[in-house]
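Here's the structure we're looking at; comments come further down.
The values are calculated or read from the model by the stated rules, or taken from the named source; none is laboratory data. Source: prediction; values computed, not measured. Neighbour counts run over all protein chains shown; Cβ positions are idealised from the backbone, glycine included. Note: accessible area is taken over every heavy atom of the protein model, side chains too, but ligands, DNA and RNA are not part of it. Shrake-Rupley method; radii C 1.70, N 1.55, O 1.52, S 1.80 Å.
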Amino acid sequence: MKPVVPLEKARDESLFGAKAVGLGDAMRAGLPVPPGVALCGSVVEAVACGEERALKQVTKSVRSLLGPLAVRSSAVDEDGADASFAGQHLTLLNVASSDDLSAALREIWWSANSDSVITYRQRVGLFTRPSIGVVVQALLDPETAGVMFTQNPINGADERVIEASWGLGEVVVAGQVIPDHFRLDRSGEVLERTPGVKKVAIRSLADGGTVEEAVAPERVEQLCLDDEQLQQLNELARRCEEIYGPARDIEWAFAGKQLYLLQCRAVTRAGSSRPGGAVTEARVAEGPAEVLERVPLFANLNHRDIERIARLFKERRFSAGETITKEGAGGAAFFVIDAGEATVSVRGKPIATLKAGEYFGEIALIDEGARSATITASTDLVCYGLTFWEFRPLVQTNATIAWNLLQTLAKRLRTAQEE
């Protein structure tokens, strides 16, 4: 199986994830899905690692998608009936061109390896290394968008529940507005129309990314769907249940008077700005090998070993003021700072400043406990990181790193005892 395929050819969930295969099923069934491609998890990780060959393959595959792009996660175990990663795995809208894909794919890969997602995986019994596929589609510029449940998610009633707002649907998914609320029976009869309070809409920017835009006062409480659109949504719900089965959670959009299906997944039981890529650097970041050579943890390793280990690291960027790790939360990654500074706080009190060449996050990965401190980016920050699944075998199989790490922890313990 090719690692990058047109969306309509995505069939294997173990490679491309449930979202990509679900949209591929929809396209093969004739449902209105924006054109796109599916990337398997290994290609996404290769791009996150900076492999030029993988990036060229991805860039070539999306050239036929004219205009800006929507880049969405499609993890192998992303959304089943027992667990939902909605709002946790990243979606990047209005990626300006194929040239901006590398940063977008890296951010999505990290979103599947964040502290919050790994903690959620532990809680729902999915504590395995995530494989994060990606769907890349032509971005719509919708007049109206939102979500629809083919069965009432609150009481299980056999009716459609629709929530809608102006602009891109992320404003509904993220809970930034009180959306218009509709209920329909299976025949399409409207049971309820309740206007929401839609003070903002998310729109695309010409140079990439999105922006919150104030809605005109007269449209704040104006219903954004008419009867014809409600009937189209009811028909879409019928077709989705016909193809996928009952109790579906659907994301949809109306653009140019055409209804589009953006996602269809199982309703979860019991429920439902541009990130780091926009960081401005104070200087051009080095590659991971050059960074590791300046880190005491990797002292006394030969250049070949440094190069080998560097291939495991993936770049991650944080904006000034952004929280990187939170005291008491589960730990997912170990970071080495390339550029910028970060503040270490314990129980709300700043205790140290970390600079280029220093590292953090190793303790929670060693004992599988909670983060022992909160780390906040003092400036725009460029890091290289390893996840739990890479860090542990690295330490277990390299005595020099293990010894350096033991010395570091001993120094910290001695310092704590002397205070």
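Note on residue 308/residue 255: beta-carbon distance plugged into 1/(1 + (r/R0)^6) with R0 of 45 Å gives a FRET efficiency of 0.40. Hey, any idea what Rg/Rh is for the range 301-359, computing Rh the Kirkwood way over Cα pairs? With Rh from the inverse mean 1/r over Cα pairs, Rg/Rh is 1.02.
Counting only protein heavy atoms and a 1.4 Å probe, the range 1-74 has 44 square angstrom of accessible area per residue.
Calculate for the chain the 222 nm mean residue ellipticity that helices alone would give, adding -39,500 (n - 2.57) per DSSP H run of length 4 or more and normalising by residue count, nearest 500 deg cm²/dmol. Value at 222 nm, helices only: -8500 deg cm²/dmol. Lysine pair count for the chain with Cα-Cα distance under 30 Å and sequence separation of 8 or more or different chains is 28. Run the accessible area of the chain with a 1.4 Å probe and give the carbon-and-sulfur part as a rounded percent. C and S fraction of accessible area: 50 percent.
On the principal axes of its alpha carbon atoms, the chain extends 72, 46, 40 Å, with the longest extent given first.
Computing FRET efficiency as 1/(1 + (r/R0)^6) for residue 228 and residue 407, where r is the C-beta to C-beta distance and R0 is 56 Å, gives about 0.20. Couplings 3J(HN,Hα) of the range 210-221, computed from phi: 10, 9, 7, 10, 5, 7, 4, x, 6, 9, 4, 10 Hz, in residue order, whole Hz [Karplus 6.51 cos²θ - 1.76 cosθ + 1.60, θ = phi - 60°; x for Gly and Pro].
Under the simplified labelling scheme, the residue 187-residue 9 pair shows an inter-label distance of 4.6 nm, with each label point 7 Å from Cα along Cα→Cβ. Solvent-accessible surface of the range 161-271, averaged per residue with a 1.4 angstrom probe and all protein chains in place: 47 square angstrom.
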